[in-house]
Amino acid sequence: MAEERGSAVVAIALMMCLVVLFYCEVVEAATYTVGGANGWTFDVADWPKGKNFKAGDILVFNYSPGTHDVVVVDESGYNSCISPSGAKVYQTGKDHIKLVKGQNYFICDFEGHCDFGMKIAITAT
């Protein structure tokens, strides 16, 4: 009987450790509102400067649906302001996008918007 109690205590301790590890992993992710209070709008290209992004962090893009969108592009699409065929497009106006490790590029695909600074490039570690 003492052996069963010991096994139960070990099992509970292991489960508690797993819960703590899971909680620590979740706590590390941060949420950023792109553009701050102004949201996803023109001239946000410099918004990421001074911030330290990590893979798993969440970017929130707030904007009026139908007037903007968010397109995930590569470096070429970012530099040319052209979204490739098949690119992931977000249009809800309250888009939540998880950063991947490395380079992350986003543009607004509405005509001229990217050219007027509606694009961001983020490096996540």
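In plain terms, the chain from Val100 to Lys88 could stretch by 2.9 nm, reckoned as 0.36 nm per residue minus the Cα-Cα distance. Please state the shape class of region 29-124: rounded when a/c is under 1.5, otherwise prolate if a/b exceeds b/c and oblate if not, all from the C-alpha gyration tensor. It comes out rounded by the Cα gyration axes. Extension gain, Ala30-Asp43: 0.36 nm per intervening residue step, less the Cα-Cα distance, totals 2.4 nm.
Values quoted throughout were computed directly from the atomic coordinates according to the rules given, and no laboratory measurement underlies them. Since this is a predicted model, take the numbers as computed values, not measurements.
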